[in-house]
Amino acid sequence: MKGMTVIVKTVAGWAKMLVFLFGVYIILFGHLTPGGGFAGGVILAASYVLLLLAFGRRFVEEDLPLALDSKLDCLGALAFALIAVWPLIWGGGFFVNFLLKHLPESALNLVSAGTIPLSNIAIGLKVGASLFLVIFLLSVFSDDHGTKTRATGRIADPKE
Amino acid sequence: MLIFYALLLFMIIAALIAVETKNLLGAVICVGAIGFGGALMFLFLRAPDIAITQIVVEVLSLIILIRATIARHVTPVSGDREFVGAVVSVAIVLTLFVAGVKVLDALPPFGDPIFVRTPGAASQTYLEQGLRQTGAANIVSSVILDYRAYDTLGEATVLFTSILGAAAILRGKSRKLVKESDA
């Protein structure tokens, strides 16, 4: 996968930023407007898929290394689990919205709804990272120009 | 309450048959019966959405399991047994059809929410108290991340596990590719 022409690359570079920003917006405003962690995460992954299609695998590998991607995936899952367990430690129930009592009467603000925005961010991180991971791993096999990945996921140089 | 005990008894008997029988196809069908018993149980517990999920998953897995079993060995049926089998199959399909028509009659018309018919349904509470109790203007968000956050945790875990499995399989393939290219 060598990437496409200069025109496609330029447009994709701009569009990727817009798509990424839109994904961030969908996640951050998930408790106010339609959307949320799952939808926003898919949009985040889609922005990098656009980059993958336009620039080729090697460029995306440098932009977002697979090790970092899987770390982000685990971080999202861990954050969501922590949000679930945190109130349990401080004398509440599992998944109690523990921030809500500190923020009364703040509905319709960006900072409102207690743990719901935090959960949205965690889920968005998790879904986006893991979806992109799978698409990247699948893209490795559509390529038969001699570049094969190592078991670690690193791109091997064909001359190696 | 009696219906739950009857369903439980049915499911336990089906589980015992599934474990003990020598016929592989019979065992698979018994496992399916357990799943449909569970779906009926959810229906009587007034959780139709979970019952629908259960039925869909059960039908899919049953089809896959039966397909896998038939590929292994198939029992030939001929003569009188074939005739009886055909009659029973047609009777079951007709019964299901008549029951389906009845159920379609009982469904609420389009645009008429179901909680109007069943007062005390959870959805009514979510709609009325959602903003006050969770502070989230997006009611969907308040349901999936507050009222039913446990369910969402399960979904996230399923996603995590499936991605892990897919990555493991794909990496095994890539290791093979590397070995072949080295050789």
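Listing for the model above:
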| read-out | value |
| --- | --- |
| First in region B:1-30 and farther than 17 Å from residue B:58 by Cα, second anywhere and in a helix (DSSP H, G or I), Cβ under 6 Å, 6 or more apart | B:3/B:44; B:17/B:30; B:21/B:27; B:24/B:69 |
| Subset of region A:55-68 [modelled with pLDDT of 85 or more and touching a helix residue (DSSP H, G or I) at 6+ places or on another chain (Cβ under 6 Å)] | none |
| Yes/no for residue A:124 being farther than 14 Å from residue B:146 by Cα, more than 9 Å from chain B (Cβ to nearest Cβ) and modelled with pLDDT of 80 or more | yes |
| Checklist (1) buried (at least 17 other Cβ atoms within 10 Å of the Cβ); (2) within 8 Å of another protein chain (Cβ to nearest Cβ); (3) at pLDDT below 80; (4) part of a helix (DSSP H, G or I) applied to residue B:137, failing item | (4) |
| Matching helices (runs of 4 or more DSSP H) fully within region A:31-133 where at least 3 residues are aliphatic (A, V, I, L, M) | A:37-55, A:66-89 |
| Contacts under 6 angstrom Cβ, first residue in region A:29-41 being at the interface with another protein chain (Cβ under 8 Å from one of its Cβ atoms), partner surrounded by fewer than 22 Cβ atoms within 10 Å (Cβ to Cβ), 6 or more apart | A:32/B:137 |
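The values are calculated or read from the model by the stated rules, or taken from the named source; none is laboratory data. Because the structure is predicted, anything quoted here is derived from the model rather than measured. Note that we place each Cβ from the backbone using ideal geometry, even for glycine, and neighbour counts take in every protein chain shown.
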